[in-house]
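Report on the following structure.
The values are calculated or read from the model by the stated rules, or taken from the named source; none is laboratory data. Quantities reported herein were computed from a predicted structural model and do not represent experimental measurements. Glycine also receives a Cβ, built like all others from the backbone with ideal geometry; neighbour counts cover every protein chain displayed.
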Amino acid sequence: MPAFPFPPQYPNRPAVVVTNAPIVDEPVAFQRLCARVQDAARVGLDTEFHAERTYAPRLMVVQIAFDDGVAVVDAVTLSDLQPLAAALMHTTVIGHALSADLKIFADRFGIVPSRVFDTQIMAAFLGYGMQVSLGDLVRSVCGVRLAKSQTVSDWSARPFSGRQIEYLVDDVVHLLPLYDALCPRLVEQGRYEWAYEECEELGDIEHYRLDERRAYLRIPGATRMNRRELGILNELVRMRDGIARRRDLPVRYVLPDDVVGGLAVIKPTRLEDLSQLRRLDGNVKRQFGQAILDAVARAQALAEDELPQRPARPATPAREPVVNVLNAAIAEIARQADLPPSLLVRRAALERLSREIPQERGEFERVLGLQPWRLALVAQPLWDLCRGEASLKIEGYADGDPKVRVAHESLAQ
């Protein structure tokens, strides 16, 4: 994403009141919309999708907001939305909790808009918390209460009802006014660059690409398995994913996670061995039994040096207090900055510190693996805390309002 020396400026227009929107469901209108999106300085974006019964979310509706109106794209009737995905590459896209929407674009079209602003992320830097909903943010910033009556609506049904259209419009029409309201506040507090760096990741296609070679680590119990069991687990996960993809089913419909983990431990070699798992019913055994045995056999045939390495475990009991102390320091730094602690440093990064014990400042920052704005806030106090040059203490207990404080001059107010 190209760097903006200052926040992009847009024409200062009054808020748009939209009660209806054109439904774009035929090719000529769709082509006109794509051209308009490509020429726009910015657009608001939202999607509606169904993800309960398919391998990947199935896109149903795309809503586009302009500074002077809204368009609703029927993603079911229009079979090829690639031109819209391409058009979005030429403009700035503003949305709320955009990651799920953009992952659909990444998976389905292989591209995501490169210039992105997420109002949920922007709001987090202004004290609204990490997961503020669009409804709460619109009510707080714009003074508008959204109905949200169609949250679990069936978006595959046609035609749309009046309430559905109202919901679709509400979900996108306030995005541009939200940006216009939040951006000056971020600039005033010196946090625009922080929010920009966070949003920048959403415009990187790699953000949405999972490392399939390590997908097995998402199975509960993987950290307790030995390398041979991890090899079997890896083959089973790849087998399950291939079947689910071909049949367009959620992976859990093929084999639930706990069953996959159980199979890796019992290492079945015969169909009869599958009876050891009570959640493998007769139908699953008939459909996938041989594929399971083949996956286990492939893993058993791997040489020792071909097996996956064991993942790093959470902090040991001896190091857990170290992680807890660092976590308390992060909470205090976040409180002073009026930020959610989880926005600063994830616990996994602190656990890495407790395992690797880096001795040099540069290596310390590398292990943390944080963006520049985060390092600017936490690196020095954490480094000093680890080296014994800062300490934690509780203040205000006698007054009935105890708070953890980091006793270090770098955090003095």
Problem set entry | Residue identified as touching a residue at least 40 places away in the same chain (Cβ under 8 Å), buried (at least 20 other Cβ atoms within 10 Å of the Cβ) and among the acidic types (Asp, Glu) among Asp171, Asp204 | Asp171
Problem set entry | Filter result for the condition that a residue is of a type in the set (A, V, I, L, M), farther than 30 Å from Glu395 by Cα and modelled with pLDDT under 95, over Ala312, Ala301 | Ala312
For this session: For Gln31, indicate whether it is more than 19 Å from Ser153 (Cβ to Cβ) and either assigned to a strand (DSSP E or B) or at pLDDT 95 or above (or both).
Result: yes
For this session: For the range 327-362, enumerate the residues that are closer than 20 Å to Thr316 by Cα and not in a helix (DSSP H, G or I).
Result: Val345, Arg346, Ile357, Pro358, Gln359
Seminar exercise, completed: Among Val70, Val116, Val76, Val37, the single one that is in contact (Cβ under 8 Å) with a residue 60 or more places away in the chain and touching a Phe, Trp or Tyr at 6+ places or on another chain (Cβ under 9 Å) is Val76
For this session: Name the single residue, out of those in the range 187-221 being part of a helix (DSSP H, G or I) and among the hydrophobic types (A, V, I, L, M, F, W, C), that is nearest to Ala337 (Cα to Cα).
Result: Trp194
For this session: Mind listing just one residue for me: the one in the range 131-186 that is outside any loop (DSSP other than H, G, I, E, B) and among the aromatic types (Phe, Trp, Tyr) and, of those, nearest to Ile64 (Cα to Cα)?
Result: Tyr167
